[in-house]
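Inspection log for the structure reproduced underneath, given as structure tokens.
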Amino acid sequence: MRLSSFNEMTKWSNLARLASGNLPKLTIVAPFIAFIIFHNEPLQPFLSLSEERHSSPLVELLARARFDIFYLGLVIVGSGVALFTLFCPKQITEYRGYEDFISSKEATKTTNGVAGSLRLSIVDFLRDARDNDEVRDEAGGSLKYPRRFREGLISLVRSGSRAAMADEELLSAGNIVRDSDPEIRDVLRQLDDGCVDTSGFKSKFYDNLHLLSIDVFRLEYLKADYSKPTARAASFWLIVIGTTVVLIPTLITTILVVSDLFSITTQQPFFEDGM
């Protein structure tokens with residue numbers, strides 16, 4: 001699997017659907033399963049299988065430990081959901097998807113709010129861009145800032161700059177197509193809070209930014225959706241592995257039922273002689 005595909009699959013908005021499924025909700029019964037395993041010994045004979053249920057020692061062992069396996073799977077899934085709850089940004093958890101986030105932000109937007117959203121995106125992007133060890137995918141994007149984020153940022157800076165300066169030659173299309181070009185980085189640094197606005201460009205840029213509020217909020221959502229790649233990957237794998245472990249008892253039970261079915265059909269004919 002390509003790195004960009006895995007990064008797309010494990011973004012927070014996808015994990016939100018995975019973490020809100022029916023299986024994660026079952027993690028609330030994990031203490032009850034543990035109670036059956038460790039403290040309710042009178043019930044265990046009724047929940048256990050007969051000694052000669054299956055000829056395979058491995059299947060028999062897994063069958064006897066099915067409640068232990070189920071409990072372990074629930075704990076693993078619960079750990080993944082806990083990571084999601086701790087690290088998932090509020091832009092994902094507090095809204096019912098991208099459209100709901102944009103409509104809510106648009107309904108309550110202010111000039112300072114729009115400018116502050118883009119300032120934070122630019123500051124974080126420039127800070128992380130200085131990290132030479134940043135993992136990049138095959139498309140040239142990073143795990144935190146994939147290609148779609150970079151393209152959106154470049155497009156937004158281009159539109160905002162033209163609106164602020166009203167000069168088509170200030171940022172020509174050839175200068176901003178690639179985010180590695182020094183021109184676009186110079187503009188981003190001018191928009192950074194740490195840069196002194198001697199030319200007045202930054203104030204003009206942010207004053208006109210309310211006209212591009214949807215693009216600004218889209219960039220904020222993308223930044224949040226791909227943030228904390230390590231936590232995203234850990235949450236994803238814990239939920240997937242835990243789900244797999246939870247399904248093992250069902251698989252074992254299916255094997256035992258099919259084995260019994262074949263045993264019955266081979267030992268007893270369907271019709272008595274003479275019928």
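The values are calculated or read from the model by the stated rules, or taken from the named source; none is laboratory data. Given the structure is predicted, the values throughout are model-derived calculations rather than measurements. Don't worry about glycine lacking a Cβ; one is built from the backbone with ideal geometry, like all the others, and counts go over all protein chains shown.
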Close pairs (6 angstrom Cβ cut-off, 6 or more residues apart or separate chains): assigned to a helix (DSSP H, G or I) in segment 1-26, exposed (fewer than 15 other Cβ atoms within 10 Å of the Cβ) and of a type in the set (A, V, I, L, M, F, W, C) anywhere: 4/139
Among residues of segment 116-130, those that are among the small types (Gly, Ala, Ser) and surrounded by 18 or more Cβ atoms within 10 Å (Cβ to Cβ), counted: 2
Residue satisfying all of: in segment 203-236; in a loop (DSSP other than H, G, I, E, B) and among the hydroxyl-bearing types (Ser, Thr, Tyr); farthest from residue 4 (Cα to Cα) among these: 227
Flag if residue 194 is surrounded by fewer than 19 Cβ atoms within 10 Å (Cβ to Cβ), at pLDDT below 80 and assigned to a helix (DSSP H, G or I): no
Breaking point among (1) surrounded by fewer than 19 Cβ atoms within 10 Å (Cβ to Cβ); (2) out of contact with any Phe, Trp or Tyr (no Cβ under 9 Å at 6 or more places or on another chain); (3) at pLDDT 70 or above; (4) closer than 26 Å to residue 62 by Cα, for residue 252: (1)
In segment 139-179, residue surrounded by the fewest Cβ atoms within 10 Å (Cβ to Cβ) [restricted to those that are modelled with pLDDT under 60 and β-branched (Val, Ile, Thr)]: 177
Condition broken by residue 184, with the remaining ones in (1) surrounded by 15 or more Cβ atoms within 10 Å (Cβ to Cβ); (2) out of contact with any strand residue (DSSP E or B) (no Cβ under 6 Å at 6 or more places or on another chain); (3) at pLDDT below 85; (4) under 29 Å from residue 231 (Cα atoms) satisfied: (4)
Subset of segment 61-99 (residues that are farther than 16 Å from residue 27 by Cα and among the small types (Gly, Ala, Ser)): 63, 65, 97
